[in-house]
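Since the structure comes first, as structure tokens, the remarks are kept for the end.
The values are calculated or read from the model by the stated rules, or taken from the named source; none is laboratory data. Keep in mind that what you see is a predicted model, and the values were worked out from it rather than measured. Glycine gets a Cβ as well: all are built from the backbone with ideal geometry, and neighbour counts include every protein chain shown.
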Amino acid sequence: MTDRAGVYARILELIEPLNARKVALGEHTSFAGDMEMDSLTVMDLVASMEDEWDIMIPLNMLPDLETIGQVADAVHGLVAKKG
Amino acid sequence: MTVDLLAKYDPLIAEHAGLLATGIRDPFGIVMDEVLSPTQAIIKGKATILLGTYNYMGMTFDADVVAAGQAALRDYGAGTTGSRVLNGTYQTHKECEAALKDFYGMAHAMVFSTGYQANLGMVSTLAGKGDFIILDADSHASIYDGCKMSNADIVRFRHNDAADLEKRLKRLPADAGKLVVLEGVYSMLGDVAPLPELVAIAKAHGAMVLVDEAHGMGFFGAHGRGVYEEQGVADDVDFVVGTFSKSVGTVGGFCVSNHPRFEILRLVCRPYTFTASLPPAVVASAATSIRKLMTAHDKRARLWEATRRLHGGLKARGFRLATDTPESAIVSVLMPDQETTALMWSTLIDLGVYVNMSRPPATPAGVFLLRCSICALHSDEQIDTVLGRFEQAAQLCNLARNQAA
Ligand SMILES: Cc1ncc(COP(=O)(O)O)c(C=O)c1O
């Protein structure tokens, strides 16, 4: 599942157990604002995505990844680059 | 219209107010009215045993350390009013760096104004654009902030997990510059890193290694250099960072290394260059303390003895501890949640025991701690008193404990 839709669907599954406030998840849901995820949880989530697709998402990219859609784009891009 | 820049902290303001509204003392607002010794202070008129100061070797009131500071204050004045690279390097600063070189048996030593700045400066300066910093997830804030300040790509691996480190190093380009940042002792849980495994993996992937020995200096290893010495990896560690604010008993930070190009860092490391140097009294005290720590064998033995007494005593009373055996001179008691932690902390202070209260983000997610750090000067009687008060506080707070073994 390495197309954009597949990546997005899998990301939702990885997020769900960490979605403490049970907000509805969509492309525009933000990690800090909507889900109120703390930075440690976000970093752990990133680690699980790295392992899922065997990619590297450096922590310095995180400030630009505010929403689920942005993360899906970034992961999809990294997976595609890997070939 | 002016946007109130502090409004974003409203949730934290409310949380803190809510905590205090339950009637407990402010865990982040303690004032030491008098400090009687490395292990005792007067807080709000009450004689209090200090069990959360990192004053591991009890050097703060050492007569030679105090005398060296007094002499330097008299001879060199109260401050340098300048950067290390301009007018702020005195004979005292060079003597302090000489003491560090002797203590570590290394060719170079650079003294910073705090340990925080030493990490901030070293991490951000060593790794630049196109390089990678690989850090342990539980790293100290100063390491994370050094990463933020650098232009490198930042990769985080699972705490003390050699397999996870290897997996992440494998994803990096072979020809890129890499800095692996480790700590000898992790200050929240008091656990020790498996440095031989981690360092071997770092070296196998062509990384340079920096180890922060803030909580290991003075009592790990034959010369008291830290966990990296005790575990026998000194030859493979490129940089050791440390602080004067724990075992040394004053304030300041440093990096020591054998790297032949090390001295250039004095000119390019901004947290070294663009701040005033430490006052002469501080570096003179530090130099004396460091030289005394080289041979403080009895104190080291006593520190471990007191640590085992506290760890064993708490365990026997059913407290849940972060490490099964005492790995360092930090003994962390695991607590269920913020409210209970604050209540226990406040009860202990009322009973005359000061420990640190720790919570995320200083601790890993979901971890709340009452953190004890032991001093070589804690007597057995003091430790036993502390154990009794922990017992009393747990009863007063209805803290759930393990069945006593
Ligand atoms: C692991 C670690 N590194 C660095 C520091 C910073 O030391 P300093 O108090 O000298 O700024 C500390 C202490 O706060 C620490 O625990």
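Tabulated data for the structure shown
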| read-out | value |
| --- | --- |
| Number of the exception - B:L334 against (1) surrounded by fewer than 21 Cβ atoms within 10 Å (Cβ to Cβ); (2) in contact with a helix residue (DSSP H, G or I) (Cβ under 8 Å, 6 or more places away or on another chain); (3) outside any helix (DSSP H, G or I) | (2) |
| Candidates B:A137, B:A162, B:A174 - the one that is within 12 Å of another protein chain (Cβ to nearest Cβ) and either among the β-branched types (V, I, T) or away from the ligand (no atom under 11 Å from the Cβ) (or both) | B:A137 |
| Selection within the range A:26-44 - more than 9 Å from chain B (Cβ to nearest Cβ) and either buried (at least 16 other Cβ atoms within 10 Å of the Cβ) or free of Cβ contacts under 8 Å to residues at least 12 places away in the same chain (or both) | A:T29, A:S30, A:F31, A:D34, A:M35, A:M37, A:V42 |
| Pick from the range B:216-225, criterion within 16 Å of the ligand (Cβ to nearest atom) and more than 12 Å from the chain's Cα centre (by Cα), ranking: nearest to the other protein chains (Cβ to nearest Cβ) | B:F220 |
| Out of A:A47, A:A9, A:A72, A:A5, sole residue that is aliphatic (A, V, I, L, M), within 13 Å of chain B (Cβ to nearest Cβ) and at negative phi | A:A47 |
| Extreme residue, nearest to the ligand (Cβ to nearest atom), among residues of the range B:226-280 that are farther than 21 Å from B:L126 by Cα and either within 14 Å of another protein chain (Cβ to nearest Cβ) or in a helix (DSSP H, G or I) (or both) | B:V227 |
| Test: residue in the range B:181-195 that is more than 14 Å from the chain's Cα centre (by Cα), more than 26 Å from B:I290 (Cα to Cα) and surrounded by 21 or more Cβ atoms within 10 Å (Cβ to Cβ) | no |
| Residue match in the range B:162-179 (condition: surrounded by fewer than 23 Cβ atoms within 10 Å (Cβ to Cβ) and in contact with a Pro (Cβ under 7 Å, 6 or more places away or on another chain)) | yes |
| Complete set of residues in the range B:106-132 that are within 14 Å of chain A (Cβ to nearest Cβ) and either within 16 Å of the ligand (Cβ to nearest atom) or buried (at least 20 other Cβ atoms within 10 Å of the Cβ) (or both) | B:V123, B:S124, B:A127, B:F132 |
| Checklist (1) over 21 Å from A:V46 (Cα atoms); (2) without any contact (Cβ under 8 Å) to a residue 12 or more places away in the chain; (3) not hydroxyl-bearing (S, T, Y); (4) not in a loop (DSSP other than H, G, I, E, B) applied to B:K167, failing item | (1) |
| Any hit, the range B:142-158, residues being more than 14 Å from chain A (Cβ to nearest Cβ), buried (at least 17 other Cβ atoms within 10 Å of the Cβ) and within 11 Å of the ligand (Cβ to nearest atom) | yes |
| Residue list for the range B:195-217, filter: assigned to a helix (DSSP H, G or I) and closer than 19 Å to B:A137 by Cβ | B:L195, B:E197, B:L198, B:V199, B:I201, B:A202 |
| Single residue of the range B:345-367 satisfying the filter (over 20 Å from B:H378 (Cβ atoms) and in a helix (DSSP H, G or I)) that is nearest to the other protein chains (Cβ to nearest Cβ) | B:S346 |
| Some residue of the range B:58-81 being crowded, with 22+ Cβ neighbours inside 10 Å, away from chain A (no Cβ under 14 Å) and either within 16 Å of the ligand (Cβ to nearest atom) or at pLDDT below 95 (or both) | yes |
| Pick from the range A:50-69, criterion within 13 Å of another protein chain (Cβ to nearest Cβ) and touching a residue at least 24 places away in the same chain (Cβ under 8 Å), ranking: nearest to A:T2 (Cα to Cα) | A:W53 |
